[in-house]
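The values are calculated or read from the model by the stated rules, or taken from the named source; none is laboratory data. Owing to the predicted nature of the structure, the values given are computational and were not obtained by experimental measurement. Positions of Cβ are generated from backbone atoms using ideal geometry, with glycine treated the same way; all protein chains shown enter the neighbour counts. Quick note on the areas: whole protein, heavy atoms, side chains included, nothing else; ligands and nucleic acids left out. Shrake-Rupley method; radii C 1.70, N 1.55, O 1.52, S 1.80 Å.
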Amino acid sequence: MSSHYEAPIREPLVTGEKTYHDISVEVGAPVLGRANKTWYIVFTLALIAFLWGLGCIIYTVSTGIGVWGLNKTIGWAWDITNFVWWVGIGHAGTLISAVLLLFRQKWRMAVNRSAEAMTIFAVVQAGLFPIIHMGRPWLAYWVLPIPNQFGSLWVNFNSPLLWDVFAISTYLSVSLVFWWTGLLPDFAMLRDRTTNEFQKKIYGILSFGWSGRVKDWQRFEEVSLVLAGLATPLVLSVHTIVSFDFATSVVPGWHSTIFPPYFVAGAIFSGFAMVQTLLIIMRKVVNLQDYITLLHIEYMNKVILLTGGIVSVAYITEFFIGWYSGTSYENYTYLSFGAATGPYAWAFWALIICNFVVPLTLWVKKLRRNILWTFIVALVINIGMWFERFDIIVIDLSKGRTPSSWAMFSPTFVDIGVFIGTIGFFFVLFLLYARTFPVIAQAEVKTILKSSGEYYKNLRAKHGDDVAHHVDNDPTAKEPSANIEGKKDFFGDTSTEKEPGSEHVPTVNADALGLTEAQKDRLDAMLARIGTYNPKLESADNLQKLNGVGPLLEQHLHQVGIYKYDQVANLTKDDYILLDEVIENFPIIENRGDWNTQATELKNK
Amino acid sequence: MASKTIHAIYNDDDLLLHAVKQVREARYHIGEIYTPFPVHGLDKAVGEAPTRLAITSFLYGITGLSVAVLMMNYMMVQDWPQDIGGKPSFSFLTNMPSFIPIMFELTVFFAAHLMVITFYMRSRLAPFKKAENPDPRTTDDMFLMEVDATNHNVEDLTKFLYDTGAAEIKLIDNK
C-alpha cells in the first residue's frame, strides 16, 4: 500500500471530514447551483466599468492618442503603467502552477486554477494597452514578421518592444493551454455530475472527451511537469523582457542593470497581492473555506514577504546608487532625494508606504493569519505596485537631462476611463469564470486528500501511521449499489469503528453535520413519520428539482436521510423547523416555496 | 467472437492499487482502468511503459530554436541587413546577443504547444469527442477496472474480484 504519511506537524490543507465525493460536490456546487444576488450586483458593476472603458477606447482610436494626457516630454504614462501593472499581476498564476509544482508544494492545488485564470485575464488586459497605444490598432499585425508590400521590410529583431510581442504572446498562449489541460478532468467531472442536458453537452465539448484512463493520467502528469518546467523560465523571461523596454534605453532612472530581477520580484509581489484580493472574497462567496484555508493565505503572505523584501532591497540600492553616482540628473530619478521632495513627492511616498512599510506588518504571525488585515495589505500592495510603475515611467521622464523640457503629467478622463475599463473587463471575465469553471483543481486535490486532509491526519494521530486509509463506504456519497451485500472487508474497513450510540437509521449520516444525540433522535422520529429510504429496493430522486435546492443542500438532505420525493411530500411544519436547525443555510419559506406540493407533483410525473 | 468483460468498481484508490496487483498475479487480463484522479504508481502496477512525451517536447524545442535562428538570420542578416542605431547587421554571430530573447521564446512556444497537441492526439482528446468512461462515477469517486473474462469462468472471476475489495461487479457481454 502506498504510504500517505505526512509529518503531523504540517497543518491540514483540506479541513473538515471530506470524502472524494464531497470534493466533487463542493467544487461543482457553484457551477451547478444558481448564482446569488451579490454575484449579479458585482457583475453589473464590472460590466458598466467595462462598457465605460470600451467607450473611452473607441473615443481614443477614433480621435487619436491626443485625447490622453501625454505631452512632448512624457510620451509614456498611464498606458504603459497599466500595461506593466497587468503583466506583473499575471505572474503569480504561473508562479503558483509552475514553480510550486516543480517544488512539489501541495498547497498550490487549491489556488492554482484561479491564479492561472487571473494570469490569463490579466495578460489579456495588459495586451490591450500596447495595441491601443499604436493609435491604429488595425495595423497591429505589422509587429509580426510577415512578408509585406514594402519590399519585405522586416520587423526589427533588435528591439525590446518586439521581444515583448513574442514574450507576451508566448506567455499568454502557453498559460492558456497549461490551464486548459488541467481543466479537462474537472470539466469531465462536471459533465458526468450534471443532470442538465445543456450543461452536459457544453461540458462534454469543453472536456474534450476526457475519460480518465491510466495512460491518459500518465501522459497528463508528464505534460503538466514538462509544461511547468517550460513555464518557469518563461515567466521569468516575460517580466525580464518587459524590464528591457526600460533598461536598454538611455533615460536616467530606466537605464538600470538591476531591473530584470527586480521587475520579476515586483511582478510576483503584486500578483500574489491580487490572488489574495480575489481568493479571500471568492472562498467566502462560493463556500470553499475548507479548501482555501487560513494556511493557504498565510503561505501566500510569506511569498509576499519574500518578494516584497527583494523589491525593498532594490529600492534601497537604486536610491543609494543614484546618490553615490554624484551625477546631477540622477538626483531626479524616481528613487532619489529629488523625487522625495519634488513635485511628485506624493507618488514617491505612496510607493514607499504601500510597498515597503505596510507589507512589513506581515512579519507578525498574528497579522499574517488575519484575513481582514491580509485583504487590506493586498489592496495596498496593488495600489503601491501601480505607483511603482507610474513613478518609474512618469517621474523619470518628467525631469530629464534638459531642464528646459521638464514637464508634468496629468491624466485626462480618457486615461482614467480606459484603466477603469480594463479593471471592469478583468472582473467580468473572472466572475464569469467563477460561475462556469471548476474553481479548484478537484482532481489534484483528491490526490492529496489522504496525505493532507484533516480527517486522515486525525486518523493517523489516533490509530498510528499504518492505519488503512480507505474512504468510508458512505451511504450518502452516492446511490448505494444493490449488490454491495457480500462484500468482504479485505483490509478491515475503518467504517467498522463506528462510535457507540450510532443505532440510528442507517441511511442517516448525521455525523457529517455535527449534531447532538437529541437532534439525531428527533431525526429518527421524523424519518419514522415520513418514511425511510431503502437503498436496496429503490433509487434516490433528484432533489435538485425542488425550489432552492442545489448540489450542497441535496447532499445535506441525503445526510439527514431524505432521498425521495415521497419523504419530502410528507414533511410537516415541525420537520421544517428541525431541518432549519440542523442544516446550515436552509432556505427560508419565501425561497423554497411549498416543497410538499412540488414533491407531490414531481412524484406523479 | 463473443467477448465478455467484467467491470469491477472500487471505491478507494488504495484498494484498487492492491487489487490490480492481485489480478495481475492471478494472470487475469486487465483491459483498462478509469480513475477520477491520477493514482500514484498505478501506471507501473498495470505495466504501462513510461510515456515519451517529454522526449518529443525536447525535439520540438530544438525545432523551435532552429526556426528562430533561421528566421532571424534570413530576415536581419541575409535578406535586408540594416544599420540600426549604429549597430550594423554584418554576420549572425555579432548580432546574436539581441536575438537571444526571441530564440528562447520560440523554443518554449514550439516545445509547449506541439507537446500538448501530441498529447491530445495520442490520447484522442478533442472538442466534440465522446467520453468513453463506462460509468459516470469514475470522474467523481469511483475506480473502474475492466477485466477480460472471455476465456474464464465468470463465477470464479466474480468471486475473486469481490475478494479483492470490489464494491460493484458488472458483466458486459458483447455478442
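Against the definition (of a type in the set (Lys, Arg), open to solvent by 40 Å² or more (accessible area, probe 1.4 Å), over 31 Å from the mean Cα position of the chain (by Cα) and not assigned by TED's automatic domain parsing to the domain that holds residue A:190), how does residue A:536 come out, yes or no? Steps first, answer last, please.
On the way: of a type in the set (Lys, Arg): yes; open to solvent by 40 Å² or more (accessible area, probe 1.4 Å): yes; over 31 Å from the mean Cα position of the chain (by Cα): yes; not assigned by TED's automatic domain parsing to the domain that holds residue A:190: yes.
Against the criterion (of a type in the set (Lys, Arg), open to solvent by 40 Å² or more (accessible area, probe 1.4 Å), over 31 Å from the mean Cα position of the chain (by Cα) and not assigned by TED's automatic domain parsing to the domain that holds residue A:190), residue A:536 qualifies.
Can you tell me which of B:63, B:94, B:56 is at pLDDT 95 or above, more than 21 Å from the chain's Cα centre (by Cα) and more than 7 Å from every other protein chain (Cβ to nearest Cβ)? Spell out the reasoning first.
On the way: B:94 fails: at pLDDT 95 or above; B:56 fails: more than 21 Å from the chain's Cα centre (by Cα).
Answer to the selection: B:63.
Sort out which residues of segment A:296-313 are open to solvent by 10 Å² or more (accessible area, probe 1.4 Å) and of a type in the set (A, V, I, L, M, F, W, C), and write them in order of number.
Correct list: A:303, A:305, A:306, A:310, A:313.
Specify which of the listed residues (A:143, A:174, A:155) is buried (at least 22 other Cβ atoms within 10 Å of the Cβ) and within 14 Å of chain B (Cβ to nearest Cβ).
Values: A:143 fails: buried (at least 22 other Cβ atoms within 10 Å of the Cβ); A:155 fails: buried (at least 22 other Cβ atoms within 10 Å of the Cβ).
None of the others qualify; the one that does is A:174.
If you take the residues in segment A:362-415 that are part of a loop (DSSP other than H, G, I, E, B) and without any contact (Cβ under 8 Å) to a residue 40 or more places away in the chain, which one is surrounded by the most Cβ atoms within 10 Å (Cβ to Cβ)? Spell out the reasoning first.
The initial filter retains those residues of segment A:362-415 that are part of a loop (DSSP other than H, G, I, E, B), namely A:364, A:369-370, A:399-402, A:406-412.
Now narrow it down to the ones that are without any contact (Cβ under 8 Å) to a residue 40 or more places away in the chain: A:364, A:370, A:402.
Numbers: A:364: 11, A:370: 19, A:402: 9.
Looking at the filtered set, the residue picked out is A:370.
Return the residues of segment A:191-215 that are touching a residue at least 24 places away in the same chain (Cβ under 8 Å), within 7 Å of chain B (Cβ to nearest Cβ) and in a helix (DSSP H, G or I); say none if nothing qualifies.
Listed by number, the list holds a single entry, A:193.
Scan segment A:170-190 for residues that are in contact with a Phe, Trp or Tyr (Cβ under 8 Å, 6 or more places away or on another chain) and without any contact (Cβ under 8 Å) to a residue 24 or more places away in the chain and report the count.
The total comes to 1.
A quick yes/no check of all residues on (1) farther than 30 Å from residue A:166 by Cβ; (2) open to solvent by less than 40 Å² (accessible area, probe 1.4 Å); (3) of a type in the set (Val, Ile, Thr):
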| site | (1), (2), (3) |
| --- | --- |
| B:13 | yes, yes, no |
| B:20 | yes, yes, yes |
| B:25 | yes, no, no |
| B:48 | yes, no, no |
| B:53 | no, yes, no |
| B:57 | no, yes, no |
| B:64 | no, yes, no |
| B:76 | no, yes, no |
| B:82 | no, no, no |
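Could you count how many residues in segment B:125-145 are more than 7 Å from every other protein chain (Cβ to nearest Cβ) and open to solvent by 50 Å² or more (accessible area, probe 1.4 Å)? Steps first, please.
Going residue by residue through segment B:125-145, those that are more than 7 Å from every other protein chain (Cβ to nearest Cβ) are B:134-135, B:142-145.
Narrowing further to those that are open to solvent by 50 Å² or more (accessible area, probe 1.4 Å): B:134.
Looking only at that region, the number is 1.
Looking only at segment B:55-108, how many residues end up being among the small types (Gly, Ala, Ser) and in contact (Cβ under 8 Å) with a residue 40 or more places away in the chain?
Going residue by residue through segment B:55-108, those that are among the small types (Gly, Ala, Ser) are B:57, B:61, B:64, B:66, B:68, B:85-86, B:89, B:91, B:98.
Imposing the further condition that a residue be in contact (Cβ under 8 Å) with a residue 40 or more places away in the chain reduces the set to B:57, B:61, B:64.
Residues that pass the stated criteria total 3.
Checking the structure you have, find out if any residue of segment A:256-264 is open to solvent by less than 20 Å² (accessible area, probe 1.4 Å) and more than 29 Å from the chain's Cα centre (by Cα).
Yes, segment A:256-264 contains a residue that is open to solvent by less than 20 Å² (accessible area, probe 1.4 Å) and more than 29 Å from the chain's Cα centre (by Cα).
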